[in-house]
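Just below is one structure, and these are the notes that go with it.
The values are calculated or read from the model by the stated rules, or taken from the named source; none is laboratory data. All of these numbers come straight from a predicted model, not from anything done at the bench. With ideal geometry, Cβ positions are generated from the backbone for all residues, glycine too; neighbour counts draw on all protein chains shown. Heavy atoms of the whole protein, side chains included, go into the accessibility calculation; ligands, DNA and RNA do not. Shrake-Rupley method; radii C 1.70, N 1.55, O 1.52, S 1.80 Å.
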Amino acid sequence: MIDFQPLFEFSRHNCVAICSLLVPANLIATITTLILVAQGQSLIKLQWSKGIASFLAIALFLHVSTWFMIGIITPVTFILFGLGSSCLLVNLIAVAYRQPAQLHSAKLRSSLS
(Lines give C-alpha, C1' and ligand atoms only; values in the text may rest on other atoms or scores of the structure.)
Protein backbone atom coordinates (compact mmCIF):
# COMPACT_ATOMS: atom_id res chain seq x y z
CA MET A 1 0.00 0.00 0.00
CA ILE A 2 1.22 3.49 -0.83
CA ASP A 3 2.04 5.74 2.11
CA PHE A 4 1.35 9.40 1.30
CA GLN A 5 2.48 10.69 4.70
CA PRO A 6 6.05 11.59 3.53
CA LEU A 7 4.57 13.52 0.60
CA PHE A 8 2.23 15.41 2.94
CA GLU A 9 5.11 16.21 5.28
CA PHE A 10 7.20 17.45 2.34
CA SER A 11 4.30 19.69 1.30
CA ARG A 12 3.93 21.19 4.75
CA HIS A 13 7.67 21.64 5.37
CA ASN A 14 8.19 23.39 2.05
CA CYS A 15 4.99 25.44 2.16
CA VAL A 16 6.58 28.81 1.45
CA ALA A 17 8.43 27.52 -1.61
CA ILE A 18 5.41 25.65 -2.95
CA CYS A 19 3.08 28.61 -2.47
CA SER A 20 5.58 31.06 -3.93
CA LEU A 21 5.60 28.92 -7.07
CA LEU A 22 1.92 27.98 -7.33
CA VAL A 23 0.30 31.34 -6.60
CA PRO A 24 2.01 33.34 -9.38
CA ALA A 25 1.83 30.36 -11.75
CA ASN A 26 -1.94 30.11 -11.20
CA LEU A 27 -2.39 33.82 -11.84
CA ILE A 28 -0.17 33.86 -14.93
CA ALA A 29 -1.86 30.79 -16.43
CA THR A 30 -5.32 32.23 -15.82
CA ILE A 31 -4.38 35.61 -17.29
CA THR A 32 -2.90 33.81 -20.30
CA THR A 33 -6.19 32.02 -20.88
CA LEU A 34 -8.09 35.30 -20.68
CA ILE A 35 -5.67 36.94 -23.14
CA LEU A 36 -6.08 34.04 -25.56
CA VAL A 37 -9.86 34.41 -25.37
CA ALA A 38 -9.66 38.17 -25.92
CA GLN A 39 -7.39 37.72 -28.94
CA GLY A 40 -9.66 35.06 -30.44
CA GLN A 41 -6.96 32.39 -30.56
CA SER A 42 -7.68 28.82 -31.59
CA LEU A 43 -9.55 26.44 -29.35
CA ILE A 44 -6.51 24.13 -29.15
CA LYS A 45 -4.39 26.88 -27.58
CA LEU A 46 -7.20 27.63 -25.14
CA GLN A 47 -7.52 23.97 -24.19
CA TRP A 48 -3.77 23.75 -23.49
CA SER A 49 -3.84 26.92 -21.42
CA LYS A 50 -6.90 25.71 -19.51
CA GLY A 51 -5.25 22.34 -18.89
CA ILE A 52 -2.09 23.88 -17.49
CA ALA A 53 -4.04 26.32 -15.32
CA SER A 54 -6.33 23.55 -14.07
CA PHE A 55 -3.34 21.38 -13.17
CA LEU A 56 -1.82 24.23 -11.18
CA ALA A 57 -5.12 24.97 -9.40
CA ILE A 58 -5.56 21.31 -8.47
CA ALA A 59 -1.97 21.21 -7.21
CA LEU A 60 -2.78 24.21 -5.00
CA PHE A 61 -5.93 22.47 -3.73
CA LEU A 62 -3.93 19.36 -2.83
CA HIS A 63 -1.28 21.41 -1.07
CA VAL A 64 -3.86 23.30 0.99
CA SER A 65 -5.66 20.03 1.73
CA THR A 66 -2.57 18.75 3.56
CA TRP A 67 -3.03 21.60 6.03
CA PHE A 68 -6.75 20.89 6.38
CA MET A 69 -5.97 17.22 7.13
CA ILE A 70 -3.99 18.09 10.24
CA GLY A 71 -6.48 20.69 11.42
CA ILE A 72 -4.67 23.90 10.50
CA ILE A 73 -7.49 26.16 9.42
CA THR A 74 -6.40 29.77 9.03
CA PRO A 75 -7.41 32.68 6.80
CA VAL A 76 -4.39 31.91 4.59
CA THR A 77 -5.64 28.40 3.82
CA PHE A 78 -9.06 29.77 2.88
CA ILE A 79 -7.51 32.52 0.74
CA LEU A 80 -5.36 30.00 -1.14
CA PHE A 81 -8.34 27.67 -1.56
CA GLY A 82 -10.40 30.59 -2.88
CA LEU A 83 -7.61 31.59 -5.27
CA GLY A 84 -7.44 28.08 -6.69
CA SER A 85 -11.22 27.91 -6.99
CA SER A 86 -11.52 31.26 -8.74
CA CYS A 87 -8.68 30.47 -11.17
CA LEU A 88 -10.26 27.11 -12.01
CA LEU A 89 -13.69 28.69 -12.46
CA VAL A 90 -12.41 31.55 -14.63
CA ASN A 91 -10.57 29.12 -16.91
CA LEU A 92 -13.59 26.86 -17.32
CA ILE A 93 -15.92 29.77 -18.04
CA ALA A 94 -13.48 31.38 -20.48
CA VAL A 95 -13.13 28.23 -22.56
CA ALA A 96 -16.88 27.54 -22.37
CA TYR A 97 -17.49 31.11 -23.55
CA ARG A 98 -15.08 30.69 -26.46
CA GLN A 99 -16.30 27.28 -27.68
CA PRO A 100 -19.83 28.27 -28.77
CA ALA A 101 -18.51 31.39 -30.50
CA GLN A 102 -16.00 29.35 -32.49
CA LEU A 103 -18.57 26.68 -33.36
CA HIS A 104 -21.05 29.35 -34.44
CA SER A 105 -18.50 31.05 -36.71
CA ALA A 106 -17.53 27.68 -38.26
CA LYS A 107 -21.19 26.94 -39.03
CA LEU A 108 -21.60 30.42 -40.52
CA ARG A 109 -18.56 29.94 -42.76
CA SER A 110 -19.76 26.54 -43.96
CA SER A 111 -23.24 27.85 -44.76
CA LEU A 112 -21.80 30.76 -46.76
CA SER A 113 -19.63 28.58 -48.96
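In Å², and per residue, what accessible area does the chain have when probed at 1.4 Å with the other protein chains present?
66
Relative to the present Cα-Cα distance, how much length would full extension add between Leu7 and Ala38 at 0.36 nm per residue of separation?
Full-extension gain reported as 7.3 nm.
Nearest 20 debye, what's the magnitude of the dipole of the chain about its Cα centre given +1 on Lys and Arg Cβ and -1 on Asp and Glu Cβ?
Once rounded to the nearest 20, the dipole reads 580 debye.
For the chain, give the percent of accessible area contributed by carbon and sulfur heavy atoms, probe 1.4 Å, rounded to a whole number.
Roughly 77 percent of what the probe reaches on the chain is carbon or sulfur.
Could you compute the net charge surrounding Ala53? Neighbours are other residues with a C-beta less than 15 Å from the C-beta of Ala53; K and R count +1, D and E count -1.
Here the charged neighbours net out to +3.
Report the Stokes-Einstein translational diffusion coefficient (µm² s⁻¹, integer) for the stretch 45-86, Rh taken as the Kirkwood radius over Cα pairs, at 10 °C with viscosity 1.306 mPa s.
Rounded, D is 146 µm²/s.
Cα extents of the chain along the three principal axes, largest first, in whole Å?
61, 34, 19
What is the calculated FRET efficiency for Ile72 to Ile93, with r their C-beta to C-beta distance and R₀ = 25 Å, to the nearest 0.05?
The formula returns an efficiency of 0.20 here.
Could you work out which residue, out of Ser20, Ser49, Ser11, moves most in a Gaussian network model of the chain, that is, has the largest mean-square fluctuation with Cα springs under 10 Å?
Most flexible of the set in this elastic network: Ser20.
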